[in-house]
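Readers should treat all values here as calculations from the given coordinates under stated rules, not as data from a laboratory. Keep in mind that this is a model prediction, so the values were computed, not measured. Neighbour counts are summed over all protein chains in view; Cβ atoms, including those assigned to glycine, are modelled from backbone coordinates with ideal geometry.
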């Protein structure tokens, strides 16, 4: 792994500034994945959009992010993590400004795709910079800070979006990114060192692997989103195309001398189990954050700000408990928190079932608190476990894989949700239809979360004490 002469210390001025820059930058991208949810009803009304178009306002961003985040991680390892992070922030800034001036649903979806490309370049860079630039003894704490603040960014998205929608209009949820991105760029230029994988320079980039990733996720997302309206022939064709592209990706990666993804990473049981858990758990989280704020506005008559405030318990829990969860995981191993956390979240999701017409804060608050506690228990241990199971020189790829899996889980779950629960067209404006769809969604989420807990319990069996590190316990780090 190429790096600066000395690792950064977390308690120095440059260390604090670097951690702030990568945490804030990643938080902006994550926040934008959730902040839009609370504005969907207003966007749909002002731009005369259907439910499927509103899905694509979410999914266009998530599709670009999920399918290209591996490319972002690999480019960072090859060209320099700081450089690619800065390019991603600049790209994200421009795309955000274009989203703010979109005049039609089609224009907004197109700009959201561009915004997702920028997010794909910057998102893996934040974690990769931490893993490669900070002293080994500072990494767990820095990652815990990153995970906690990133979780907070996702959680406060609905609150920020609600306040902006009620006080300035939905366009401000994109416009506010411009000054924030400028701050991150300035801090990164001043403080962050450049690191890269020295073995990656000069090797050919895996374009076929990148293209097959886009085709697989794009075809599957389009099929799931339009499954209730498209013809059977087109649906089958898209599903077959997605399957063939996925198989082709595995074949290409196995044969390539310079693969986009080191498939040997999945030879580590811990890495594979953590990513399998990520897929189902983040799928459920994506559904909860997508439908809850929309449901409360439509079925219970809440304002955008009031619905957005439902993210507050999650924000508080992640702010105060993420570092403690990381310390607990380091002491007893990741198996218990990563197994118990999703199950607690499942209980919280089921406690939200009574929310409907006439729902008050006392109807939803108990479920939100339980859900938040489960989320705080699993987020930090998950991030640390994935990165610790990969060698330092694959930090960007490992981060990219986990981010891709998380975004793909959310993307596919949100794409499939309306058809599974019987929502389509203008149903998002019908309180009765939304209530029925919401309750079915919470049951589905509870099942997915429980599956995630089971996967962690069996997949992480044998992990004890401190989370394994690539220098010591991970078999893929050994020659």
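Give the shape of region 309-364 as rounded, prolate or oblate, defined through the alpha-carbon gyration tensor: a ≥ b ≥ c are the square roots of its eigenvalues, a/c under 1.5 means rounded, and otherwise the shape is prolate if a/b is larger than b/c and oblate if not.
Here region 309-364 falls in the oblate category.
Between region 45-66 and region 279-334, what is the separation of their alpha carbon centroids in Å?
Region 45-66 and region 279-334 have Cα centres separated by 21 Å.
Per 0.36 nm of contour for each residue apart, how much would the distance between residue 263 and residue 426 grow if the chain were fully extended, relative to their Cα-Cα spacing? Let's see the in-between values first.
Numbers: separation 163, 0.36 × 163 = 58.68 nm, distance 4.32 nm.
That pair, residue 263 and residue 426, stretches by 54.4 nm at full extension.
Please arrange 166, 32 by how many other C-beta atoms lie within 10 Å of their C-beta, fewest to most.
Values: 166 15, 32 28.
Neighbour counts put them in this order, fewest first: 166, 32.
Expressed as an acute angle from 0 to 90° and rounded to the nearest 10, what is the orientation of the C-alpha long axis of helix 81-100 relative to the principal long axis of the chain?
Approximately 20 degrees, to the nearest 10.
Exposure proxy check: 215, 293 ranked by fewest other beta carbons within 10 Å?
Result, fewest neighbours first: 215, 293.
Subtracting the Cα-Cα distance from 0.36 nm times the residue separation, let me have the gained length for residue 320 to residue 182 in nm, one decimal.
Numbers: separation 138, 0.36 × 138 = 49.68 nm, distance 2.82 nm.
Residue separation times 0.36 nm, minus the Cα-Cα distance, leaves 46.9 nm.
Give the angle, between 0 and 90 degrees and rounded to the nearest 10, that separates the Cα long axis of helix 312-332 from the longest principal axis of the Cα atoms of the chain.
30 degrees
Would you give the gap between the C-alpha center of region 399-440 and the C-alpha center of region 79-106, rounded to a whole Å?
Cα centroid of region 399-440 versus Cα centroid of region 79-106: 25 Å apart.
Pairing the Cα long axis of helix 335-351 with the longest principal axis of the chain, what angle in degrees results, from 0 to 90 and rounded to the nearest 10?
10 degrees
Using 7 Å Cα-to-Cβ label points, what is the residue 234/residue 48 separation (nm, one decimal)?
With each label point 7 Å from Cα toward Cβ, the separation is 2.1 nm.
Please state the relative contact order of the chain as a whole percent: Cα pairs under 8 Å, 6+ residues apart?
About 24 percent, as a whole number.
What spacing in nm lies between the two simple spin-label points modelled at residue 214 and residue 303, each 7 Å away from Cα in the Cβ direction?
According to this spin-label approximation, the distance is 4.3 nm.
Between rounded, prolate and oblate, where does the chain land on the alpha carbon gyration tensor, with a ≥ b ≥ c its root eigenvalues, rounded for a/c under 1.5, else prolate if a/b exceeds b/c?
In terms of gyration-tensor shape, rounded.
Full extension from residue 205 to residue 247: what is 0.36 nm times the residue separation minus their Cα-Cα distance, to one decimal in nm?
Difference between extended and current length: 13.2 nm.
At what distance in nm do the modelled label points of residue 254 and residue 12 sit from each other, each positioned 7 Å from its Cα along Cα→Cβ?
According to this spin-label approximation, the distance is 4.6 nm.
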